[in-house]
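Q: I have a structure I would like to understand better, so I am pasting it below and will then ask my questions one at a time.
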Ligand code: NDP
């Protein structure tokens with residue numbers, strides 16, 4: 001039995017993970033689950049799964065959880081506060097940690113799992129964008145196994161020679177081709193983007209995901225974060241990562257080799273495939289995903305992304321090239337701007353405007369350790385909030401779509 005901790009169990013990736021685990025009760029045991037403040041959903045998961053541990057990062061929500069459960073779950077130890085996530089990540093009976101918390105909040109527990117030598121299933125791309133070199137070094141020091149959950153990176157991983165080490169480019173690999181659906185505004189004229197709503201941005205054409213990554217997909221920042229993620233995971237330069245818009249989301253990414261071969265991984269757009277792949281790796285298990293019917297799909301289209309219309313992608317490419325702390329600055333400003341957009345305080349083009357302004361002022365600097373990362377993260381968040389207030393004084397960037 002493989003002991004599993006699902007951090008972010010109430011989210012989209014978390015729930016897909018529980019769905020796959022439920023199909024294999026003889027193989028996996030859910031030891032721990034954790035979320036932020038969704039006490040009602042975590043209570044339901046506790047009663048269904050009876051894990052040994054459960055945690056909520058938000059102490060007020062944890063109190064609510066205790067009240068909801070009463071005496072119904074005597075076998076589950078409840079923990080609370082941000083530190084609880086790290087505790088769960090290093091438990092001795094946890095062999096495999098699904099890092100499915102959204103945003104910078106996932107960094108400490110992700111790093112804790114890696115340092116403890118666990119098998120880490122990494123969905124929380126923001127932690128890699130923020131602290132990639134530290135995480136990769138920790139993987140090599142501790143002997144942890146890092147398996148990418150992002151469907152694109154999981155696809156690339158599946159196309160690499162067996163035995164490839166994290167952060168090292170396999171011999172003969174020339175480029176990776178990272179596919180992007182293009183998001184819900186792929187064909188929306190640029191001059192209509194100021195009026196788009198959070199609801200429209202979260203209505204992704206192919207994937208059902210959490211709100212933050214849905215907005216990132218709509219701005220193409222998600223692809224920018226994935227570019228940085230790919231460089232770190234596979235030891236590539238930004239120039240070795242070509243981004244291609246592929247509206248059908250069937251080809252999840254491709255790897256090009258020096259002999260002209262291009263290997264791709266295809267499948268229905270359903271996160272349970274990469275999750276099942278990583279859970280069972282190097283074996284294969286049923287994921288519950290429908291098999292791909294290429295005749296039904298009919299055609300596969302590819303085109304170049306429009307970085308004029310989707311400025312966030314250009315900004316992420318610049319941060320990837322600049323390196324150092326720029327990805328931290330980019331990520332922090334993006335998290336703040338996306339939150340403002342979702343709360344209707346900023347309009348859609350305002351997201352890129354805020355990030356650009358923060359990056360212009362932001363310091364490059366080198367990543368010495370976690371303290372540098374958290375300092376740059378905090379400073380960039382302050383600057384982004386200031387910028388949002390400044391920008392939205394002019395009506396052009398205000399969230400005028402309530
Ligand atoms: P969701 O918004 O659906 O879920 C986020 C999860 O993180 C929830 O369980 C939430 O808890 C928890 N969480 C948020 N903040 C904190 C915190 N401060 N402390 C502890 N837990 C916290 O996100 P997704 O599942 O869509 O995405 C999760 C991660 O996976 C992201 O990094 C995303 O980029 C990545 N990813 C997602 C994909 C997808 O298809 N959804 C695909 C590829 C990558 P609560 O419910 O209590 O708020």
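Q: Could you sort 261-268, 39-46 so that the peptide with the highest average Cβ count within 10 Å comes first and the rest follow in order?
A: Going from most to least packed, we get 39-46, 261-268.
Q: Moving on. Under a plain spin-label model, where a point goes 7 Å from the Cα along Cα-to-Cβ, how far apart in nm are residue 48 and residue 203?
A: That separation, rounded to one decimal, is 2.7 nm.
Q: Extension gain residue 145-residue 308, at 0.36 nm per residue separation less the Cα-Cα distance, in nm?
A: That pair, residue 145 and residue 308, stretches by 54.9 nm at full extension.
Q: Ok, one more. Which order do 388, 250 fall in if you start with the one that has the fewest other Cβ atoms within 10 Å?
A: In increasing order of surrounding Cβ atoms, one gets 250, 388.
Q: What residues of the stretch 59-83 lie in the reach of a label at residue 1, counting those whose backbone N is under 17 Å from a point 7 Å from the Cα along Cα→Cβ?
A: Under cut-off, by backbone N: 74-77.
Q: Starting from the Kirkwood Rh over alpha-carbon pairs, what translational D in µm² s⁻¹ does the stretch 37-166 have by Stokes-Einstein at 20 °C and 1.002 mPa s?
A: 136 µm²/s
Q: A follow-up question, please. Go through 207-213, 110-116, 368-374 and give me the packing order, highest mean Cβ count within 10 Å leading.
A: Ranked from most to least packed, the peptides come out as 110-116, 207-213, 368-374.
Q: Express in nm, to one decimal, how much length is gained between residue 296 and residue 386 on full extension, taking 0.36 nm for each residue of separation and deducting their alpha carbon distance.
A: Gain on stretching residue 296 to residue 386: 27.4 nm.
Q: Over all alpha-carbon pairs in the stretch 258-366, figure out the percentage whose distance exceeds 18 Å. If you can, show how the numbers build up before the last one.
A: On the way: 3987 of 5886 pairs.
Within the stretch 258-366, distances greater than 18 Å cover 68 percent of Cα pairs.
Q: For the chain, give the share of DSSP beta bridges that are antiparallel, in percent and rounded to the nearest 5; count only bridges with both residues there.
A: Details: 10 of 41 bridges.
Bridges in the chain that DSSP calls antiparallel: roughly 25 percent.
Q: Here's something else I'd like to know. Figure the gain on full extension for residue 27 and residue 242 (residue separation times 0.36 nm, minus the Cα-Cα span) and round it to one decimal in nm.
A: 73.6 nm
Q: Let me ask something else about it. I'd like the distance between the alpha-carbon centres of the stretch 124-138 and the stretch 203-275, rounded to an integer number of Å.
A: A separation of 18 Å, based on Cα centres.
Q: How far apart, in nm, are two points set 7 Å out from the Cα along the Cα-to-Cβ line at residue 258 and at residue 321?
A: Here the answer is 2.6 nm between the modelled labels.
Q: Which value, in Å³ per residue, describes the convex hull spanned by the Cα atoms of the chain?
A: 139 Å³
Q: Under the rule of -39500 (n - 2.57) per DSSP H run of 4 or more residues, summed and divided by the residues of the chain, what mean residue ellipticity at 222 nm is obtained, to the nearest 500 deg cm²/dmol?
A: -14000 deg cm²/dmol, from helical runs alone.
Here, each number is a calculation from the coordinates, and none is a lab measurement. Predicted model, so just to flag it, every value in this text is computed and none were measured. Neighbour counts are summed over all protein chains in view; Cβ atoms, including those assigned to glycine, are modelled from backbone coordinates with ideal geometry.
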